[in-house]
Amino acid sequence: MATARGLCLTAVALRAVTPWPGGRLLAASHGPRALRVLSSSSPEAGEGQIHLTDSCVQRLLEITEGSEFLRLEVEGGGCSGFQYKFSLDTVINPDDRVFEQGGARVVVDSDSLAFVKGAHVDFSQELIRSSFQVLNNPQAQQGCSCGSSFSVKL
């Protein structure tokens, strides 16, 4: 699972504090999880928003360099039918929607956006794991107990 920087992060892979290239760690302390709506670079900014918590923005600012951003994708798989996939990327494709807040960017392709529109992206640090997670996804009917997979509403 390699990307342009040689590392792909899934919700499952981020369960523990993981060393990051250049000596950085994926775990970080964070403050209150106030939710904010992100702006979008596309003209239809009011449709299909993704929301970020302050802890997500803070962590992205700590681990991204230059033109890097967090890519959120939805793939088939997992115990509930679909799974979230997080990776650091530098390439924005024509069908991508870019959400930016406070210098942190999250990019979602149009196919995945249909499965996560209205959801919140969080960075959670617990004693047993640190990870980016999708919370409060209005498109999900149910999810697995670990939060990395879900089934969609029909």
Please go through (1) more than 12 Å from Ile50 (Cα to Cα); (2) touching a residue at least 24 places away in the same chain (Cβ under 8 Å) for Leu127 and return the number of the only condition it doesn't satisfy.
(2)
Which is within 28 Å of Gln141 (Cβ to Cβ), polar (S, T, N, Q) and modelled with pLDDT under 50, of Ser42, Ser55, Ser29?
Ser42
Within the stretch 72-110, residues being over 17 Å from Gly48 (Cβ atoms) and among the charged types (D, E, K, R) number 3
Of the residues that make up the stretch 7-25, is at least one open to solvent by 20 Å² or more (accessible area, probe 1.4 Å), on the phi > 0 side of the Ramachandran plot, at pLDDT 50 or above and not β-branched (Val, Ile, Thr)?
no
So, in the stretch 73-99, of the ones that are acidic (Asp, Glu) and more than 18 Å from Leu135 (Cα to Cα), which residue ends up most open to solvent (accessible area, probe 1.4 Å)?
Asp95
So Ser87, is it farther than 20 Å from Ala140 by Cα, modelled with pLDDT of 90 or more, among the hydroxyl-bearing types (Ser, Thr, Tyr) and not in a loop (DSSP other than H, G, I, E, B)
yes
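The values are calculated or read from the model by the stated rules, or taken from the named source; none is laboratory data. Given the structure is predicted, the values throughout are model-derived calculations rather than measurements. Every residue, glycine as well, gets a Cβ built from its backbone with ideal geometry; the counts of neighbours run over all protein chains shown. Only protein heavy atoms, including side chains, enter the accessible area calculation; ligands, DNA and RNA are left aside. Shrake-Rupley method; radii C 1.70, N 1.55, O 1.52, S 1.80 Å.
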